Each structure stands twice: as structure tokens, then as C-alpha cells.
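Remarks on the structure that follows.
The values are calculated or read from the model by the stated rules, or taken from the named source; none is laboratory data. Fair warning: this is a prediction, and the values are worked out from it, not measured in the lab. Counting neighbours? That spans all protein chains shown, and the Cβs are built from the backbone with ideal geometry, glycine included. When the accessible area is computed, the model is the full protein with side chains, heavy atoms only, and any ligands, DNA or RNA have been set aside. Shrake-Rupley method; radii C 1.70, N 1.55, O 1.52, S 1.80 Å.
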Amino acid sequence: MKHQTLRYTMFILIWLVQVEAFAQPDVSVEVSGVSGDERDNVLLLLSIEQQKAHPDLSDGRIKRLHTKAVDEIERALAPFGYYRVTVEAELEQRKEPPGWLASYRIDPGPSLPIAELDVSIEGDAATDPAFRSLLDAPPLAVGDTLNHALYEQWKRDLQRLAEERGYFQAKLTRHSVRVDLAAYGATVELRFESGPRYRFGPLSFSGELSLDEELLHRYVTFSTGEPYSSAKLLQLQDSLNGSDYFKRVEIKAERESVVDLQVPVTVRLIMNKRSRYQLGVGYGTDTGVRGTIGMERRYVNRKGHRLGADFKLSQIKDSIEARYIIPLKKPATDRAVVRSEYN
């Protein structure tokens, strides 16, 4: 019995030693000298930071990750214009608390300035005021620190604006950033070829059309042949949605059906239910228990006239309010309202 107890005790001790030997080491990472987005990017690219909770982490792996840290820090700061980075890197195995401490004291050095900026727009967009405004207030200028994120955003802004304003053949024919570490300066070049600006083609409505098309066309603020603008399509969609006539509004620029640079536009409509009812119950010190019954006819006829009525019932007094609404020339904003009340 004693021998069995001894063997059991030895087994437990050996198991505890093995558990201790194979326990995952703890790693703490300290970064100083940079802050904000620069520090966040350093931590994002530091393998020792990203893998400190890896299930296969070992002392040997920690040492290997630490040897990669200086290169990773330099790569992390380059997009912010820092190309003369120095790093004091230290890896220490601590006893209390047990584990590893990896510390990196960073001196980013001087930022790299833009020495030359060559940006041009060719094609119809060269005289477009929207593009001129973008060039008049550029995100980067000569003397500014080279910031690769701003440079990429500038390219995206040019392409987005071209898409919004109907330059569907637009492309960046040249785009480059050249870094001269000896002279410590950068050259930025952008060549944007917009091609022709497309125009609105004929507009048609489809789907459930319980309203006259003459009324629907009064919501449209552009005409065939006018320069294309996605903002005007969005304005049309907002106006039709806001009319409360429709459950769904789908607007599509039919770019695959372009003729002579004119883009047909189709508007697919699904009508809302003609009638809507509302019920409400409440209590007020001046009315006692009260109830409200509301009824609205979203469209009485094909001209888009509306009819609404509210019946208010209470212990003290009852009232009825009725209204008749007629859309005018600009139905999105203008309407005539006739009201009648009975108390």
C-alpha cells in the first residue's frame, strides 16, 4: 500500500513538472516614442504583439519574433513618411512576474517631405468645377510630409467623383510615389484621364403605376441631355420615397444601354397600400380617457390627391378633423391643403 501511494505521489510530481515545463510563456510588449495612428500601425505589424497569445508560443519563437521587430517597425512607419527610423530593441526574461518583456524605444526621425508634386486632369473633367475644387484644395502639397494614406485617398476621391459625375471612361494613366532617401524627398505624380462626360438619356417608369406618369415626372429635376449626376438620381429617389406613395423605389442608370453617351434611367415603383389606419388610447387631465382613430388615403385618384381624417373621442368632448391634399407643380415640396374641423 505504501509503495502504491509513493508511486501515485511521484506520478503527480512528474505531471506537475511537465505542466510547468510546457506552460505557454507570457509576453508583454512595450512601445514608446510614437503615438496615435503611428503607434497603432506599429502594434498591428509587430509579429511579437500579434502572436503573444499563439497556442504554439515558446521561448525560441519569442526570440525569433523579436529579431523581426526592427524591420517591422520601419515598415509600419514608412506610410506616415518616416524613413530614418531608429529603434532600441530589448528582450528580457523576467522572474517576477515570470515571463518575457519586449520593449521598443522608437525615434521616428525626420519626416520625409514632398519635394515635387505633379498632378493633372485631362479630358472633359479638366474644366469641371467639381474637379477644379478638388485640385484647388489638395490633401497633399509641396513641403507636406509624405503620407501614403492621404495619397491613396486622393486617388479614390478622383475616381469616386468621376463615377458620381458621369465620367465612366475615367482612369488614372499614371500614379506613382518616388522616394529619394539620399536627397530625403519624395516626388508624387498623378495623371487622371477623365474621358467624355456622359449625359442623362430618356427616363421611364415601370412597375405598379397607380398614378399618372405626368405626376411622377414632376418629381424629376433633370432632363434628357443634361450632364449625368448620381446626386440627382439620389435626390429623385429621396423625393419619391418621401412622397409616401410608394413602398419601394428602385432607380437604375442603364449604362449597358448607352447611346451617343446618353444613359437611360429606369425607375421601378411598388405602391404603398392605398389606405392607412391608426388607433390610439390615452388619458389627459383636461379630457379624461380619450381615443383617436386616424385614417389616411395615400392616393385618392391618379393625380395623387390625398385624404386624411382624425376622429378624437373623449369623456369631455369629441372632434373631427379632415384634410384634402393636392400636389402642385413641384410635388416634393409644394402642395395645397384644404382643412375642415368639427368640435
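Within the group 56, 71, which residue is more than 18 Å from residue 43 (Cβ to Cβ) and either in contact (Cβ under 8 Å) with a residue 40 or more places away in the chain or of a type in the set (Asp, Glu) (or both)?
56 is the lone residue from the list that is more than 18 Å from residue 43 (Cβ to Cβ) and either in contact (Cβ under 8 Å) with a residue 40 or more places away in the chain or of a type in the set (Asp, Glu) (or both).
If you go through the stretch 64-81 one residue at a time, how many are among the basic types (Lys, Arg), under 17 Å from residue 31 (Cα atoms) and not in a loop (DSSP other than H, G, I, E, B)?
1
Would you pick out the residues in the stretch 296-323 that are under 25 Å from residue 239 (Cβ atoms) and either in contact with a Phe, Trp or Tyr (Cβ under 7 Å, 6 or more places away or on another chain) or open to solvent by less than 70 Å² (accessible area, probe 1.4 Å) (or both)?
Scanning the stretch 296-323 gives 296, 298, 299, 300, 301, 304, 305, 306, 307, 308, 323.
Mind listing whichever residues of the stretch 177-195 are open to solvent by less than 40 Å² (accessible area, probe 1.4 Å) and either more than 23 Å from residue 134 (Cβ to Cβ) or in contact with a Gly (Cβ under 7 Å, 6 or more places away or on another chain) (or both)?
184, 185, 194, 195
Identify the single condition in (1) within 30 Å of residue 140 (Cα to Cα); (2) touching a Lys or Arg at 6+ places or on another chain (Cβ under 9 Å); (3) assigned to a helix (DSSP H, G or I) that residue 48 does not satisfy, given that it satisfies every other one.
(1)
So which pairs qualify, if the first residue must be in the stretch 205-229 and at negative phi, the second must be in a loop (DSSP other than H, G, I, E, B) and aliphatic (A, V, I, L, M), the Cβ gap must be under 6 Å, and the two must be at least 6 apart or on different chains?
What qualifies is 219/332.
All but one of (1) farther than 27 Å from residue 144 by Cα; (2) open to solvent by 20 Å² or more (accessible area, probe 1.4 Å); (3) not in a loop (DSSP other than H, G, I, E, B) hold for residue 96, so report the exception by its number.
(3)
Among the candidates 169, 159, which residue alone is in a loop (DSSP other than H, G, I, E, B) and more than 23 Å from residue 82 (Cβ to Cβ)?
Sole residue among the options that is in a loop (DSSP other than H, G, I, E, B) and more than 23 Å from residue 82 (Cβ to Cβ): 169.
Being free of Cβ contacts under 8 Å to residues at least 24 places away in the same chain, more than 22 Å from residue 235 (Cβ to Cβ) and open to solvent by 80 Å² or more (accessible area, probe 1.4 Å) is the filter here, so list the residues in the stretch 324-343 that pass it.
Residues satisfying the conditions are 338, 339, 341, 342.
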